[in-house]
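The structure appears right after this line, and notes come after that.
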Amino acid sequence: MGRPMIRIVIADDQRLLRDGLQTMINLSEGMEVVGLAENGRRALELTETLRPDLVLMDIQMPEMDGIESTRKILSLYPDTKVLILTTYPEDDYIIDALVSGASGFLLKDLPGDKIIAAIRDTMDGTLLMPTAISAKLAARLASGAAAPPSARPLQPIRPDQDPGFTERELKIIELMAEGRSNREIAGLLYISEGTIRNYISIIYSKIGVNDRLKAVGLLRDWLPPRS
């Protein structure tokens with residue numbers, strides 16, 4: 001029995017890019033583009049009516065940008081995955097997109113087969129982060145600058161606030177709370193140690209800390225009770 005069809009909405013204000021991605025995806029086995037959006041507001045509307053499995057989301061668009069659209073989509077439709085389309089690994093958008101719940105970044109200049117593979121990986125639960133973006137995220141967290149200049153300074157959130165953790169993030173938090181190392185967590189979840197570091201960086205960003213000991217103390221508040 002084959003995999004279910006992956007239903008995709010493409011949101012980008014460049015018609016040529018939208019049409020090109022649509023053609024490429026529709027020619028790929030197991031995928032279909034069910035909607036095209038020229039801005040973030042339209043992407044939100046299409047997600048409401050079509051309930052796609054994944055939205056390919058540009059960042060800079062008119063009416064509503066990709067960050068705000070991602071935040072609203074994942075708040076209302078948490079089963080939908082959002083993969084950010086970007087031309088450059090823009091510093092100011094990295095944390096915002098990931099904290100909003102995006103499943104990763106996809107550089108627009110990737111070859112077609114890499115884009116198709118990235119969509120499949122995202123649906124399988126892999127966090128996609130190009131090396132350049134991963135390095136900048138790590139550098140910003142190390143410097144304590146886990147938010148763009150226009151945002152509030154790094155500040156731990158309260159236990160009554162919802163950080164919006166994904167299932168994968170909650171599993172990693174559970175293993176962190178058990179005292180597992182990044183290498184042990186990677187082995188248990190069958191993903192690379194680098195990917196685990198990226199997940200942990202995002203978890204830190206969501207709760208407003210950049211220290212593992214402090215993070216684990218806070219994270220226990222969001223773990224479900226053991227049965």
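The values are calculated or read from the model by the stated rules, or taken from the named source; none is laboratory data. Computed from a predicted model, the values in this text were never measured in an experiment. When we count neighbours, we look across all protein chains shown, and the Cβ atoms used for this are built from the backbone with ideal geometry, even at glycine.
The residue pairs whose first member lies in segment 53-66 and is over 9 Å from ARG41 (Cα atoms), whose second member is aromatic (Phe, Trp, Tyr) and modelled with pLDDT under 90, and whose beta carbons are closer than 6 Å, counting only pairs six or more residues apart or on different chains, are ILE59/TYR93. In segment 20-37, which residues are farther than 16 Å from ALA117 by Cα and either in contact with a strand residue (DSSP E or B) (Cβ under 8 Å, 6 or more places away or on another chain) or assigned to a strand (DSSP E or B) (or both)? Result: VAL34, GLY35, LEU36, ALA37.
Among residues of segment 7-20 being at pLDDT 95 or above and of a type in the set (A, V, I, L, M, F, W, C), the one that is surrounded by the most Cβ atoms within 10 Å (Cβ to Cβ) is ALA11. Screening the candidates LEU50, LEU83, LEU56 for the property of being in the same structural domain as ARG18 (by TED's automatic domain parsing), at pLDDT 90 or above and surrounded by fewer than 19 Cβ atoms within 10 Å (Cβ to Cβ) yields one hit, LEU50.
All of GLY104, GLY40 fail the test of being at pLDDT 90 or above and either of a type in the set (Gly, Ala, Ser) or touching a Cys at 6+ places or on another chain (Cβ under 7 Å) (or both), apart from GLY40.
Tell me, which helices (runs of 4 or more DSSP H) wholly within segment 168-227 include 2 or more residues that are of a type in the set (Ser, Thr, Tyr), under 16 Å from LEU127 (Cα atoms) and outside the structural domain of ALA102 (by TED's automatic domain parsing)?
On the way: elements: 182-189, 193-207, 212-219.
So the answer is 193-207.
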